[in-house]
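Q: Here you go, one structure.
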Amino acid sequence: MPARPAGALVLFGITGDLAKKLVLPALYRLEERGDLDQPIIGVARSDWHQDDLVRHAREAVEDALGKPKAEVFSRLADRLSYVQGEYDDSRTFDRVKQRVGPRASSAVYYLAVPPPVFAVVAEALAREGLNKQSRLVVEKPFGHDLSSAKALDQKLRQFFPEERLFRVDHFLGKESVEDLLVFRFANGLFEQVWNRDHVQSVQLTFAENLDVADRGGFYDPVGAIRDVVQNHLFQVLAYLAMDSPSGSDPEAEQRERTRLLRAVRTLSKRNVVRGQYDGYRKVEGVKANSTTETYVAMRMAIDNARWEGVPFYVRTGKCLPETILQAVVELKPAPRLPQLERHNSVAPNLIRLRMQPSAGITLDIQAKEPGPGYRAKTVPLSVDFERTLGPTQLAYERVVSDALSGSRIHFTSQEAVEQSWRIVDPVLDLPDLPVSYKPGTWGPEQAERLPGREGWIRVDTDI
Ligand code: NDP
Ligand code: BG6
């Protein structure tokens, strides 16, 4: 049965960071496109009134997207209203019920609140009968390890069945991540080499040049593995390595990604290097003796016929020199050409897939260096997709729009969540100190050697 479009959006935690940085700007974009036609009810404990909410929304849009168009913002502002209350007080949910009125059954309840509050709100909605036919959207992190993810799922599923439970992983909303599927399967040139016969190794880098900033209290109990590896980077890994979906429905894509995650070998300590940037322990909200990693590099393996024996290297960190999300696929060397000069070492072909900050690809190929004799030289073939194809939508624009229309395509499943926790479980909360690194460097030296003597392939920032 096709999902019903949402009659109302109820955004719990509208006063918070996520709502400000990502959800409200996404709603503005949807309003601009003419894709919103429901009231937006913000819920939070702060003593705010309508004016505070509208001011907050304007600031949110200005910070993320620049000065809003007056008529678009005014339409958005007209949809907004505010319900104040504590989540352990049934009167709060009574007020929510009054506000959504007859739209209650087709409402989308979006939980932009800290994870310990997810189950509390879900249960309170159910007590008011607001869980019948409505959808519940929950943000990451979904649990903090495998067993807590299972427990949270059990709890939420008491009130919302799987088909009405939407688990956000906003990397699934990034068009540049989805493009991996098109690039791999719509190009015979690449589709045929995407396996153990032709690929030497795969490296995935998600670097951020920002520090933890004012999120110390959130980040310290979490760390890099939980914050971005278990969720975002494993989804990218799944797109990079999965088989082609066996149908056009969203479930087929989801099934293949999950099948790939099932084949990823559980990590062990010896394949992981954790780092912490100098100065992290002085951040407000961070413990003075914190052992939380702000950097991690890992060697991974995929136990299936396509990837047997091919190492996958994944790294991420805060305070690195660049902000970039890039995968580099290194192809096996071609047999040596007898004509080439003896000392001319030939670099491998590299396929660089850049997903952020702007999507594009660069292929490192070999060409004859001008001059006498035969010498091979690496030359890049590059394309920037935005320059060539035009702008893409924001990840949250797609996530929110799908939640409203009921499409599950950009959400993750409980099985994918559990598989991802299974992979990282043995390397969570390791008691040893992470290796320190200087802000502005590529992380600890030990991590440099993880992919072997040559180290990490340089990420390519100027396509
Ligand atoms: P915040 O800490 O900003 O909290 C959001 C709102 O929740 C606050 O404004 C506050 O509103 C309310 N809140 C805070 N603590 C409690 C509490 N103990 N009980 C009830 N309500 C509380 O969080 P974020 O907005 O950063 O994150 C919200 C969710 O989104 C989290 O699950 C987070 O992991 C996820 N997320 C966040 C991202 C980000 O960039 N911020 C990115 C991706 C996911 P009030 O006091 O007014 O009720
Ligand atoms: C969030 C993490 O989920 O993703 C942040 O909590 C991280 O620490 C962010 O910075 C990265 O998302 P994006 O879309 O800005 O690359």
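The values are calculated or read from the model by the stated rules, or taken from the named source; none is laboratory data. Predicted, not measured: the structure shown is a model, and the values here were computed from it. Cβ placement follows ideal geometry from the backbone for every residue including glycine, while neighbour counts extend to all protein chains displayed. The area values use the complete protein model at the heavy-atom level, side chains included, leaving out ligands, DNA and RNA. Shrake-Rupley method; radii C 1.70, N 1.55, O 1.52, S 1.80 Å.
Q: On the full set of protein chains, 1.4 Å probe, figure out the accessible area of H56 and give it in Å² to the nearest 10.
A: Number for this one is 20 Å².
Q: Moving on to the next point. Taking square-rooted eigenvalues a ≥ b ≥ c of the alpha carbon gyration tensor, is the range 387-440 rounded, prolate or oblate, where a/c under 1.5 means rounded and, failing that, a/b exceeding b/c means prolate?
A: Oblate, because a/c is 1.5 or more while a/b does not exceed b/c.
Q: As a test of the definition: which semi-axes, in Å, follow for the range 87-184 when you take the square root of five times each eigenvalue of its alpha carbon gyration tensor? Largest first, please.
A: Gyration-tensor ellipsoid for the range 87-184: 28, 17, 11 Å.
Q: Check which residues have an amide H placed less than 5 Å from M300's amide H, if you skip close sequence neighbours.
A: Correct list: F312, Y313, V314.
Q: Let me ask something else about it. For a quick check: with amide H placed at 1.01 Å from N, whose amide H comes under 5 Å from V435's, ignoring anything fewer than 5 positions away on the same chain?
A: When sequence neighbours closer than 5 places are left aside, the close amide H contacts are R274, G275, Q276.
Q: What is the gain in length, in nm to one decimal, between E448 and D249 on full extension, counting 0.36 nm per residue of separation less the C-alpha to C-alpha distance?
A: 67.6 nm
Q: Which whole-Hz couplings ³J(HN,Hα) result when phi for each residue of the range 165-170 is put into the Karplus expression 6.51 cos²θ - 1.76 cosθ + 1.60, θ = phi - 60°, listed in order with x for Gly and Pro?
A: Each residue of the range 165-170 in turn: 10, 10, 9, 6, 9, 5 Hz.
Q: Work out how much length L331 to V379 would gain on full extension: take 0.36 nm times their residue separation and subtract the Cα-Cα distance, in nm to one decimal.
A: 15.7 nm
Q: How much of the accessible area of the range 64-128, probe 1.4 Å, is carbon plus sulfur, in whole percent?
A: 49 percent
Q: Now a separate question. If each of N187 and Q393 carries a label point 7 Å out from its Cα toward its Cβ, how far apart are those two points in nm?
A: Rounded to a tenth, the inter-label distance reads 2.5 nm.
Q: What's the carbon and sulfur percent of the range 165-240's accessible surface, probe 1.4 angstrom, rounded to a whole number?
A: Taking all protein chains in place, the range 165-240 shows 48 percent carbon and sulfur surface.
Q: Taking the DSSP beta bridges in the chain as the whole, what percent of them are antiparallel, to the nearest 5?
A: 60 percent
Q: Still on this model: Mind checking which aspartates and glutamates have their Cα closer than 17 Å to the Cα of K132? Skip sequence neighbours fewer than 8 apart in that chain.
A: Result set, ordered by chain and number: D94, E123, E162, E163.
Q: Enumerate the lysines that K269 could reach by cross-link, defined here as Cα to Cα under 29 Å, with residues fewer than 8 away along the same chain left out.
A: Cα-Cα hits under 29 Å: K140, K150, K282, K287, K318, K332, K438.
Q: Here's something else I'd like to know. With every protein chain kept in the model, how would you rank K377, K67 by accessible area, 1.4 Å probe, largest at the top?
A: In descending accessible area the options line up as K67, K377.
Q: Which residues' amide hydrogens lie under 5 Å from the amide hydrogen of T323, considering only partners 5 or more residues apart or on another chain, with H built in the peptide plane?
A: Residues meeting the criterion, in which the H sits 1.01 Å from N, are N209.
Q: Still on this structure, I have one more. Any idea what the dipole of the chain comes to, in debye rounded to 20, about its Cα centre with Lys/Arg Cβ at +1 and Asp/Glu Cβ at -1?
A: 660 debye
Q: Along the range 370-387, what does the Karplus equation 6.51 cos²θ - 1.76 cosθ + 1.60 (θ = phi - 60°) give for ³J(HN,Hα), rounded to whole Hz, x for Gly and Pro?
A: Rounded to whole hertz, the list is x, x, x, x, 10, 10, 8, 9, 6, 10, x, 10, 10, 9, 9, 5, 5, 4.
Q: P(r) for the range 264-407, please, calculated from all Cα pair distances in 10 Å bins and given in %.
A: 9, 21, 27, 28, 11, 4, 0
Q: Just from its helices, what would the mean residue ellipticity at 222 nm be for the chain, if runs of 4 or more DSSP H residues each count -39500 (n - 2.57) and the sum is divided by every residue, rounded to the nearest 500 deg cm²/dmol?
A: The helix-only estimate for the chain comes to -8500 deg cm²/dmol at 222 nm.
Q: With a point put 7 Å past each Cα toward its Cβ, work out how far K150 is from L428 in nm, to one decimal.
A: Taking the simple label geometry, K150 and L428 are separated by 1.2 nm.
Q: Quote to one decimal, in nm, the extra length available between N195 and S46 on full extension: 0.36 nm per residue of separation minus the C-alpha distance between them.
A: Taking 0.36 nm per residue and subtracting the Cα distance, the gain is 48.3 nm.
Q: Compute the acute angle (0 to 90°) between the alpha-carbon long axis of helix 395-405 and the principal axis of greatest extent of the alpha-carbon atoms of the chain; round to the nearest 10°.
A: Taking the Cα atoms of the chain, the angle to 395-405 is about 50 degrees.
Q: Right, here's the next one. Tell me, what is the percent relative contact order of the chain, built from C-alpha pairs under 8 Å that lie six or more residues apart?
A: 18 percent
Q: Please determine, in degrees from 0 to 90 and to the nearest 10, the orientation of helix 146-157 with respect to the longest principal axis defined by the Cα atoms of the chain, where the helix direction is its Cα long axis.
A: Taking the Cα atoms of the chain, the angle to 146-157 is about 40 degrees.
Q: Ok, one more. Compute, for R33, the solvent-accessible surface of its heavy atoms (probe 1.4 Å) with the complete set of protein chains present, and express it in square angstrom to the nearest 10.
A: 90 Å²
Q: I've got another one for you. Tell me, what ³J(HN,Hα) does each residue in the range 85-100 have, in order and in whole Hz, if you take phi through Karplus 6.51 cos²θ - 1.76 cosθ + 1.60 with θ = phi - 60° and put x for Gly and Pro?
A: The phi angles translate into x, 8, 7, 9, 10, 5, 5, 4, 6, 5, 5, 4, 4, 4, 5, 7 Hz.
Q: Right, here's the next one. Against the longest alpha carbon principal axis of the chain, how many degrees, from 0 to 90 and to the nearest 10, is the axis of helix 24-33 turned?
A: Helix 24-33 sits roughly 90 degrees off the main axis of the chain.
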